[in-house]
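The values are calculated or read from the model by the stated rules, or taken from the named source; none is laboratory data. It should be emphasised that the depicted structure is a prediction, and the values quoted were computed from it without experimental measurement. Here the Cβ positions follow ideal geometry from the backbone for every residue, glycine too, while neighbour counts run over all protein chains shown.
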Amino acid sequence: QVIETLSKLSRTPIALGTGIRPFPTEESVDDEDVYKGLPDLIDETGVDEDEELYDCVYGEDEGGEVYEDLMKDEAAQQPKYTENDIRSCCLTEIKQTEEKYTETLESIEKFFMVPLKRFLSASDFDTVFINIPDLVKIHRNLTQDINDSIVNKNDQNLYQIFINYKERLVIYGQYCSQVEIAISCLDNISKTKEDVKLKLEECSKRANNGKFTLRDLLVVPMQRVLKYHLLLQELVKHTTDPMEKANLKLALDAMKDLAQYVNEVKRDNETLREIRQFQLSIENLNHSLLQYGRPQGDGEIRITTLDKRARQDRHIFLFDLAVIVCKRRGDNYEMKEIIDLQKYKITNNPTTDKENKKWSYGFYLIHIQGENGLEVYCKTKDLKKKWLEQFQMALSNIRPDYADTSFHEFKMHTFSRVTSCKVCQMLLRGTFYQGYLCSKCGAGAHKECLGRLDNCGRANLGGQGSAVPCGELLSSETQVGSGFWRPVGENGLPKMQVIRNYNGIPQPAAQDGPPLHIQIGDTIELLKGDAHSLFWQ
């Protein structure tokens, strides 16, 4: 109302007589409705009236409006389409949104990263921008490949592009799991360093006339990586050719797998933070809790040995592989013992339920080799049910069904490299204890896939496997397990095609050099080999 009143006063004869130009002019009204747009911008950034611009309002859905605004097509859409028109629109959306997204990443790099490098410490700089430069490189190439496919190849190889890029895009797991920390760091810097806050505002003006802050833009990559399967889903829906539809479904599965992987990495990083908090709260614990797998629960119980010593009040931290038994000391805990769950099985004690009073609901932890077991008592029947389920889940993870099926020997394992399941070819998701590794043949698998594996390769190789001669050279010099192929040719330097995946397990001796990670269908050239040696060069 104040602005409106001043505007009216600027048009009075007295004001006009002074030579002051009235406002707003017709041009400015047509060009930009500044004041009407301001609440919309506040809504987009999620900033309340009493909040600072960079206050932390991070949430799962934050950035959705920013993403849609950045990706939207300015062209007017026609009201009606044929099926082919809709499919063409799907392809256009994939192409155009990828171009705009790549431009957004490049904008972050050009207008924020470069100018802010001398304003931020190296640590803060890396925290805020995570792996943006790596994303820029990948999406420049992806944009080029998508454009080439749609414009020049009638999108015939589009499905293969998404399949090929899946493993390169897993770096979004790192980005999405760290973006919340990045935003929190940015908020803190903006509150404590006025010069950086002013520089951020200046960068925003140069990047997009101040419409989006760096804080807004940092959430966009998380939105984008979770959109690929939705874009492909729509394309599959409007594709009628059976072969094209089948191929695109493979790409859709790949992008769904990627989205699930990214979400699982994000969850795992939250779990790792939870484990670190447990670690800090437990006194006289001299080794890392990470070795015990994922936490299944923690809380108060009463525990006694089966030789009927007195019940003791304890706080336990239940992990997949162990129970950390503690005594509460104020806000912290004193570690009393660690129960190795690999040596126990769980048995209900239904007779305790009949007492119907607090701390009377129990179950047994029976030692597999007959040593003294334990009885656990819970405060209520519902808590007993919860603890039984959590213990059963932990034991199921340690000794899953089919762990030793088909001569395999599978155990829970943390894979240091991105690995696909031997059975379904989908990614083993997360950052630690992602799946199961066969100690004999090195195959990795999901828990739910263990029952569908072929016979263990190590069980029936007999020293050498079969192979197919192939013409194209894969240049690399390293050590590889001879149990995965046999040489073909007469001159001792053959080319071979890999018929089994090898991911470094079993490992070569240190003096032999690093293992070569190979996949079915790869072509390699033998440089040196001994028929009696397990590893060849």
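The number of residues in region 114-126 that are surrounded by fewer than 19 Cβ atoms within 10 Å (Cβ to Cβ), in a helix (DSSP H, G or I) and either touching a residue at least 40 places away in the same chain (Cβ under 8 Å) or not hydroxyl-bearing (Ser, Thr, Tyr) (or both) comes to 6. Quick one: residue 210 ticks every box in (1) on the phi > 0 side of the Ramachandran plot; (2) in contact with a His (Cβ under 8 Å, 6 or more places away or on another chain) bar one, so which box is it? Against the list (1) on the phi > 0 side of the Ramachandran plot; (2) in contact with a His (Cβ under 8 Å, 6 or more places away or on another chain), residue 210 comes up short only on (2). Taken together, 254, 259 contain a single residue that is assigned by TED's automatic domain parsing to the domain that holds residue 155, among the aliphatic types (A, V, I, L, M), surrounded by fewer than 20 Cβ atoms within 10 Å (Cβ to Cβ) and in contact (Cβ under 8 Å) with a residue 12 or more places away in the chain, which is 259.
Of all residues in region 290-309, those being without any contact (Cβ under 8 Å) to a residue 60 or more places away in the chain and touching a strand residue (DSSP E or B) at 6+ places or on another chain (Cβ under 7 Å) number 3. Taking residue 320 as the residue in question, decide whether it is acidic (Asp, Glu) and within 20 Å of residue 395 (Cα to Cα). Criteria met by residue 320.
Would you confirm whether any residue within region 78-93 is of a type in the set (Asp, Glu) and either modelled with pLDDT under 75 or not in a helix (DSSP H, G or I) (or both)? Yes, that holds for at least one residue. Scanning region 336-369 for residues that are outside any strand (DSSP E or B), touching a helix residue (DSSP H, G or I) at 6+ places or on another chain (Cβ under 7 Å) and under 18 Å from residue 394 (Cβ atoms) turns up 341, 342, 368. Listed by position, the helices (runs of 4 or more DSSP H) contained in region 179-294 that have at least 3 residues being more than 21 Å from residue 102 (Cβ to Cβ) are 194-208, 228-237, 242-281.
Residue count for region 136-192 under the criterion of being within 17 Å of the chain's Cα centre (by Cα) and among the small types (Gly, Ala, Ser): the result is 3. The numbered conditions (1) of a type in the set (Phe, Trp, Tyr); (2) buried (at least 18 other Cβ atoms within 10 Å of the Cβ); (3) more than 38 Å from the chain's Cα centre (by Cα) are all true for residue 359 except (2).
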